[in-house]
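Step one of this worksheet: look at the structure below.
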Amino acid sequence: MPKYNPEKIEKKWQRYWEAKKFYHTKEGKNNYMLLTEFAYPSGNLHIGHWLAFSVPDILARYLKMTGHNVLYPTGFDAFGLPAENAAIQRNINPRDWTEDNIKQMTKQLKNTGAMFDWSRAVSTIDPAYYKWTQWIFLKMYEKGLAYREKTFVNWCPKDKTVLANEQVKDGHCDRCGTEVEQKELFQWMFKITDYADRLLDDLDKVDYPETVRVAQRNWIGRSEGALLKFPIFNSKFSKGGQEYIEVFTTRADTLFGATYLVLAPEHPMVTKLTKDENLDTINKYLEEVKNKTEIERLYIDKSKTGVNTGGYVVNPINNEKIPVWVADYVIGWYGTGAVMAVPAHDERDWDFAKKFDLSIEKVVAMAQPEGTEDGAYEDEGDLINSGEFEGVFSKEARKKIVDKLKEKGLADFKKNYKLHDWVLSRQRYWGVPIPMIHCDKCGYQPVPEKDLPVELPVLEDFKPTDDGRSPLAKAEGWTMAKCSKCGQDAERETDTMDTFVDSSWYFLRYADPINQKEFADKKKLRAWLPVPLYIGGAEHNTMHLLYSRFITKALHDLGYLDFDEPYLTRRNHGVILGPDNQKMSKSRGNVVDPDIEVKKFGADTIRMYLSFMGPYDQGGPWNTDGIQGVFRFLNRIWNFIDKPTEPKVSDKEVDKILNKATKEIGGDIRDLKFNTGVSGLMKLLNALEDKWLTKKQFGTFLKLLAPFAPHITEELWQTVLKNKKSIHLEAWPQYDEALLIDGPVDLVIQVNGTKRDVLKITKGLSEEEVKRIVLGNENIKKYLVGKDIKKFIYVKNRLTNIVI
RNA sequence: GCCCAGAUGGCGGAAUUGGCAGACGCAAUGGACUCAAAAUCCAUCGAUCGCAAGAUCAUGGGAGUUCGACUCUCCCUCUGGGCACCA
């Protein structure tokens with residue numbers, strides 16, 4: 001036997017599988033699409049990709065061996081800012097840059113040995129793909145779920161484009177870290193807020209990690225409360241009937257304690273309400289607030305500032321006249337941009353009231369009255385100083401108070417959300433053109449379906465501009481179009497779509513990737529979807545997952561899908577850190593290059609090491625020594641074959657060992673416990689290495705290893721065991737429950753909870769029999785001399801505890 | 001500030017979900033092979049005391065429940081992540 005040379009055998013078998021179209025998948029029985037997140041073609045595969053693709057491949061292969069018709073798809077999420085910025089830097093076209101990267105990464109992905117079905121690979125920059133991205137947009141538009149509106153948007157001055165709220169982290173651009181500005185622009189948006197309730201409630205229908213559910217709940221940020229109307233007192237403009245300030249509150253029970261009202265600086269009523277003598281102060285204040293950046297206002301300076309308008313409103317529950325203030329701790333866009341202030345029961349209002357000496361009225365009794373005097377009491381309790389609602393508990397009081405005001409038309413129950421509509425316009429070149437045409441006469445009109453795709457033109461100058469216009473506006477020939485309604489000259493929309501639109505439906509396309517008539521055939525969709533298991537990174541817990549859930553629900557409502565949740569189960573993988581336990585980055589010089597590791601150890605070793613290093617959802621530092629252990633293991637397997645494998649009789653003991661391992665390793669893979677799966681294989685080799693194995697027994701061993709190390713097992717299976725067909729067409733070995741249970745077991749003997757001895761006993765003994773054996777044991781007797789046995793605990797086949 | 005996850009040898013981690021803590025691997029030490037090194041193989045490997053048999057301690061810290069706690073409950077410390085003036 002020659003030395004184990006992974007480089008040689010891996011290439012060989014990869015070519016073999018590809019030539020035989022091994023992993024090309026057709027709809028059949030027991031279909032299973034194992035979904036991982038398709039890659040962004042950044043240029044080079046990094047070790048994180050290996051974790052994301054080659055480890056789930058173990059599960060894909062196992063599922064295939066256990067009788068599933070497995071589709072393990074892949075593709076490229078290829079539009080987007082980074083490619084465009086890289087192309088600008090290198091002064092080449094983003095398309096050339098991206099396509100080169102795709103070529104390179106395709107090659108590298110094949111090196112992982114994963115059973116990707118390349119015949120179904122999708123690429124979001126392919127017009128045959130983005131035709132359907134545009135089509136989905138049009139359907140959303142028809143349904144009123146896509147609309148154009150002038151709003152304040154997050155503008156990244158460096159990338160010169162709009163960002164969705166989700167792409168802003170602590171006031172900075174998620175991509176480049178530049179401080180984000182607010183700009184008022186017309187933007188195309190998806191009405192995701194219409195789906196807020198369903199996106200929230202349906203989380204109960206799917207199996208996601210708790211962290212993901214929490215993250216999504218936070219994003220959606222539903223709070224249930226009420227809208228209350230406060231009549232304006234003696235409004236100087238109230239000629240035609242009473243005017244009101246509306247507030248949103250979750251604590252209507254504290255209404256009797258509302259001693260003032262606060263408007264956000266952006267609130268339209270601010271100047272109206274302000275008394276003439278206060279106008280100067282107010283304007284000065286508004287100017288001050290305007291000069292603060294969003295970051296200063298929301299993240300840095302949380303001290304309360306504000307000014308009195310001099311105006312008053314009337315508390316609708318007790319008709320008391322209360323002052324109206326303006327303060328920037330109230331957020332303009334949330335709720336109504338106005339709040340009722342209850343300083344006794346809200347910390348922020350408390351701080352403000354203390355600072356400006358406003359009155360504080362307690363209306364909820366503290367559970368422990370001896371509690372602190374200083375500060376707001378925010379918990380619930382029985383109402384006090386609350387007229388007819390005296391003594392009613394908060395929860396009930398909320399309902400009663402709103403009900404009462406509702407009769408007078410002064411209140412209603414209301415849910416509020418943090419979630420905003422999804423701004424999908426991007427003023428950049430490298431994206432899917434939004435398929436709309438603007439006609440001076442007819443306004444915005446959709447591009448007719450038959451004219452899709454609206455192809456992205458090739459531009460010499462695709463650099464972003466400062467004026468908020470997309471570079472596509474420079475393509476004069478391209479922008480010219482006919483209005484689809486009146487036929488007159490009109491102009492194409494020049495914004496492109498956020499790449500999250502591209503990736504919000506790609507998994508649907510895997511079911512039917514070359515269909516030219518529909519985004520996918522209904523029957524094929526039914527065969528593969530919804531996705532039974534989606535494995536990916538925690539960075540997509542909110543945006544991508546929420547967006548694709550939304551698009552799926554919308555397509556479902558439009559009648560195109562039978563299901564309204566795209567992924568039944570979601571599991572996250574961890575992050576691989578550098579050997580120094582820091583995030584891998586070029587500047588730190590701690591990047592592990594998988595190409596180099598493949599050269600040194602081969603794909604099988606890397607796959608197994610990534611599996612072995614810890615729980616899959618945890619990640620952790622790459623250990624240069626640790627990988628040696630796995631490499632050694634594969635070498636031992638390789639050399640194992642040199643031992644005689646044809647003894648006279650089949651060894652029962654070996655069968656038993658294999659039987660147990662089959663059950664355990666299979667269970668580990670199903671539970672994504674790849675680390676214990678690998679250790680199980682190592683234990684198995686330890687147990688078998690000094691034994692004689694039949695050809696069949698060795699074959700069984702190889703099958704257990706095959707999902708983890710597809711190349712070495714194929715080599716040994718075909719060239720050494722002389723099998724004609726691939727090991728990857730074999731079924732996972734059957735195990736026999738009966739073989740698992742016979743034989744003696746170790747019985748642990750404790751005295752007062754401390755282990756004193758271990759005895760081998762026959763399985764299934766009764767308590768009486770065990771008691772006789774244990775108490776008769778010389779070694780145990782010495783602990784019991786002169787003691788009374790108070791209690792004898794027996795856990796069947798496992799342990800006894802003698803309490804003295 | 002709030003929410004979530006986590007803390008186990010020198011290191012990565014395991015523990016049938018309340019039943020032998022430290023599986024498996026790495027590193028380390030000693031030995032075999034070798035002129036030598038690498039590779040490989042054998043042995044040791046949580047701490048303390050002990051020649052040994054063995055004993056005691058030990059899963060971030062402190063209490064509790066239990067015959068029995070890494071596992072459950074309460075309090076605290078630290079680490080990672082998310083949200084954050086959202087009314």
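Here are a few things to note about the model shown:
- Within-14-Å neighbourhood charge of residue A:322 [Cβ basis; K, R +1; D, E -1]: -1
- Reciprocal mean inverse distance between Cα atoms of segment A:645-804 - Kirkwood radius, Å: 18.6 Å
- Dipole magnitude (debye, nearest 20) for segment A:173-285, charges at Cβ of Lys, Arg, Asp, Glu: 340 debye
- Of A:678, A:472, A:200, farthest towards positive along the dipole that unit charges on Lys, Arg, Asp, Glu beta carbons give chain A: A:678
- ³J(HN,Hα), Karplus 6.51/-1.76/1.60, whole Hz, each residue of segment A:578-588, x for Gly, Pro: x, x, 8, 6, 10, 4, 5, 7, 4, 5, 7
- Overall Cα dimensions of chain A - principal axes, largest extent first, Å: 108, 90, 49
- For residue A:311, the residues whose modelled amide H falls within less than 5 Å of its own, excluding neighbours fewer than 5 places apart on the same chain, are A:275, A:324.
- Working note: Cα atoms of segment A:629-739, range along each principal axis, descending, whole Å: 36, 32, 28.
- Per-residue Karplus couplings for segment A:697-706, computed as 6.51 cos²θ - 1.76 cosθ + 1.60 with θ equal to phi - 60°, are listed in order as 5, 5, x, 4, 4, 4, 5, 5, 8, 3 Hz, Gly and Pro entered as x.
- Rh (Kirkwood; distinct C-alpha pairs) - segment A:228-292, Å: 13.6 Å
- Values of log10 I(q)/I(0) for segment A:108-260 across q = 0.10, 0.21 Å⁻¹ run -0.70, -1.26, by the Debye formula with one identical scatterer at each alpha carbon and no solvent.
- Computed P(r) (all Cα pairs; segment A:45-89; 10 Å bins; percent): 22, 33, 26, 13, 5
- Kirkwood hydrodynamic radius computed over segment A:305-413 comes to 15.3 Å, based on all pairs of distinct alpha carbons.
- Percent of alpha-carbon pairs separated by more than 15 Å within segment A:562-658: 73 percent
- For chain A, calculated [θ]222 nm from helices alone, where every DSSP H run of n ≥ 4 adds -39500 (n - 2.57): -10000 deg cm²/dmol
- Annotation: amide H of residue A:243 within the under-5 Å range of A:232, sequence separation 5 or more or interchain, hydrogens built in the peptide plane.
- Annotation: amide H of residue A:125 within the under-5 Å range of A:78, A:79, sequence separation 5 or more or interchain, hydrogens built in the peptide plane.
- Expected-Rg normalisation [2.2 N^0.38 Å, Cα atoms] applied to segment A:113-157: 1.80
- Cα-centre dipole for chain A with unit charges at Cβ (Lys and Arg positive, Asp and Glu negative), debye to 20: 3540 debye
- Remark: C-alpha extents of segment A:185-283 on the principal axes read 59, 40, 28 Å, sorted largest to smallest.
- Projecting the Cα atoms of A:232, A:220, A:187 onto the charge dipole of segment A:180-237, computed from C-beta unit charges around the Cα centre, puts A:232 farthest toward the positive end.
- Convex hull volume per residue, computed on the Cα atoms of segment A:522-577, equals 69 Å³.
- Computed over the alpha-carbon atoms, segment A:59-193 gives an Rg to Rh ratio of 1.06, Rh here being the Kirkwood radius from the mean inverse distance.
- Stokes-Einstein D (µm²/s) once Rh is taken as the Kirkwood radius of segment A:373-438 over alpha-carbon pairs, at 10 °C in 1.306 mPa s: 94 µm²/s
- Convex hull (Cα only) mean projected area of segment A:72-136, reported in nm² to one decimal: 5.1 nm²
- Per the Debye calculation on segment A:307-367 with a single equal scatterer at every Cα and no solvent contribution, log₁₀ I(q)/I(0) for q = 0.23, 0.28 Å⁻¹ amounts to -1.15, -1.44.
- Entry note: segment A:448-559 has Rg to Rh equal to 1.04, where both radii use alpha-carbon atoms and Rh is the Kirkwood radius.
- Nearest 10 degrees, 0 to 90: helix A:127-142 Cα axis against chain A principal axis: 40 degrees
- Helix A:603-612 vs. chain A, principal-axis angle (Cα, 0 to 90°, nearest 10): 70 degrees
- Selected from A:569, A:723, A:754, residue furthest toward positive end of dipole (chain A; charges at beta carbon): A:723
We did not get these values from a lab; they are worked out from the coordinates using the rules stated. All values reported here derive from a predicted model rather than from experimental measurement. Note: ideal-geometry Cβ built from the backbone for every residue, glycine included; neighbour counts use all protein chains shown.
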